[in-house]
Amino acid sequence: MVKQLKNCFVTLIIVEIINFLILIVCVLVGVAFVTLLERKILGYIQIRKGPNKVGYMGLLQPFSDAVKLFTKEQMTPTMSNFLVYYMCPVFSLFISLLIWAVLPYETGLMSFDLSILFFLCCLSMGVYSTMVAGWSSNCKYSLLGSLRAVAQTISYEVSLALILLSFIVLIGGFNLEMLNKYQVDCWFIIVGFPLSMVWLSSCLAETNRTPFDFSEGESELVSGFNTEYGAGGFALIFMAEYASILFMSVLFVILFLGGGLFSVTFYLKSVMIAFVFIWVRGTLPRFRYDKLMYLAWKSYLPLSLNYLIFFLGVKTVCFLILVYK
């Protein structure tokens, strides 16, 4: 009996590992095609073709770029803290891929009850890779870029956490799967449209995207926290950023637009939100840094707090009606 239980346990672990490996492959392929989509859309916004030489209509361009980057010689700055400098991109990509485990896959693939808390923990851990990457390079531009990114990320995490807290109050749990059940008849974007817009712009700031790309302010910081990275290290940071963008698009759909992961409409909505990320990059200029901080602390934070208090009131009234009925 003990031997059978042991065999079942080992089999379960192997199945989970295989599931996670399949998930990683799918995410990385998705990241490759999101980069292609971005280059194509930005090309058409600027009235040009975008990549169209490698493969049919440039479909193999992302894989060609990956081969080029990973086969280039890895240069290491003499004065850098080598081990930390080398491990930061790996840690950054690891966090970006690990965060995908929180999604409600409906097949039992690591979907657990405290998925929203796990998401917030992973989001906070991502700050360290950016900060340490800038510090370990021992370059003033990288350090300035990483400090900017850390201040920005921490500021917008507060709004993201409060918005998630509003939904935790509404659904009464920490599992993302419950959000799908509660949005069968009415999407949350109808209930809290301003909240959805705050979430979307906070996601842009959280993933260091235009118009909040201060960690990579080329005009004043060369290339921000990744100035000293090239070849494979740069590719890993790049993949981590786009994996986060793709995840934020999927999470926006789960939070505000409903739908399970087995419906085609869910993926169409996710691509639409990813398109919005790219569209913003092709349209808006960069914010001034003080305005970015003003927006986080004086606009988004009060709005998120007001919505949280409103949802708490709604939940309390519903509870009282049920009690006294």
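Some notes on this structure:
- Some residue of the stretch 1-20 being closer than 27 Å to GLY230 by Cα, assigned to a helix (DSSP H, G or I) and either more than 26 Å from the chain's Cα centre (by Cα) or touching a residue at least 40 places away in the same chain (Cβ under 8 Å) (or both): no
Yes or no, residue by residue, for (1) closer than 30 Å to THR283 by Cβ; (2) among the aromatic types (Phe, Trp, Tyr); (3) at pLDDT 80 or above; (4) surrounded by 13 or more Cβ atoms within 10 Å (Cβ to Cβ):
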position: MET1; (1), (2), (3), (4): no, no, no, no
position: ASN7; (1), (2), (3), (4): no, no, no, no
position: ILE22; (1), (2), (3), (4): no, no, yes, no
position: TYR86; (1), (2), (3), (4): no, yes, yes, yes
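- Scanning the stretch 181-200 for residues that are surrounded by fewer than 20 Cβ atoms within 10 Å (Cβ to Cβ) and either within 23 Å of ALA149 (Cα to Cα) or of a type in the set (Ser, Thr, Tyr) (or both) yields TYR182, SER196, MET197, LEU200.
- Subset of the stretch 165-194 (residues that are touching a residue at least 60 places away in the same chain (Cβ under 8 Å) and in a helix (DSSP H, G or I)): LEU165, SER166, PHE167, VAL169, LEU170, GLU177, LEU179, ASN180, PHE188, ILE189, PRO194
- Contacts under 6 angstrom Cβ, first residue in the stretch 195-223 being among the small types (Gly, Ala, Ser), partner modelled with pLDDT of 70 or more and assigned to a loop (DSSP other than H, G, I, E, B), 6 or more apart: ALA205/PHE212; SER215/ASN208
- Within the stretch 100-128, restricting attention to residues that are of a type in the set (Ser, Thr, Tyr) and modelled with pLDDT of 85 or more, the residue that is nearest to the chain's Cα centre (by Cα) is SER124.
- Residue among LYS53, LYS72 that alone is over 23 Å from VAL280 (Cα atoms), among the basic types (Lys, Arg) and in contact (Cβ under 8 Å) with a residue 40 or more places away in the chain: LYS72
- For beta carbons closer than 9 Å, sequence separation of 6+ or different chains, a first residue in the stretch 288-301 that is touching a residue at least 12 places away in the same chain (Cβ under 8 Å) and a second that is crowded, with 17+ Cβ neighbours inside 10 Å and of a type in the set (D, E, K, R), the qualifying pairs are TYR289/ARG148.
- Within the stretch 254-267, tally of residues that are of a type in the set (A, V, I, L, M) and loosely packed, with under 13 Cβ neighbours inside 10 Å: 1
- Some residue of the stretch 154-161 being in contact with a helix residue (DSSP H, G or I) (Cβ under 9 Å, 6 or more places away or on another chain), within 23 Å of TYR105 (Cα to Cα), of a type in the set (Asp, Glu) and assigned to a helix (DSSP H, G or I): no
- Residue within the stretch 226-236 that is of a type in the set (A, V, I, L, M, F, W, C), closer than 22 Å to VAL280 by Cβ and part of a helix (DSSP H, G or I) present: no
- Matching entry among MET293, MET248 (being closer than 30 Å to LEU37 by Cα and either part of a helix (DSSP H, G or I) or of a type in the set (S, T, N, Q) (or both)): MET248
- Test: residue in the stretch 236-250 that is surrounded by 17 or more Cβ atoms within 10 Å (Cβ to Cβ), over 30 Å from SER136 (Cβ atoms) and under 20 Å from the mean Cα position of the chain (by Cα): yes
- Considering VAL150, VAL158, the condition of being closer than 30 Å to ASN306 by Cβ, in contact (Cβ under 8 Å) with a residue 60 or more places away in the chain and within 16 Å of the chain's Cα centre (by Cα) is satisfied by VAL158 alone.
The values are calculated or read from the model by the stated rules, or taken from the named source; none is laboratory data. Computed from a prediction, not measured in an experiment: that's the story for all the values here. We place every Cβ from the backbone using ideal geometry, glycine too, and count neighbours over all the protein chains shown.
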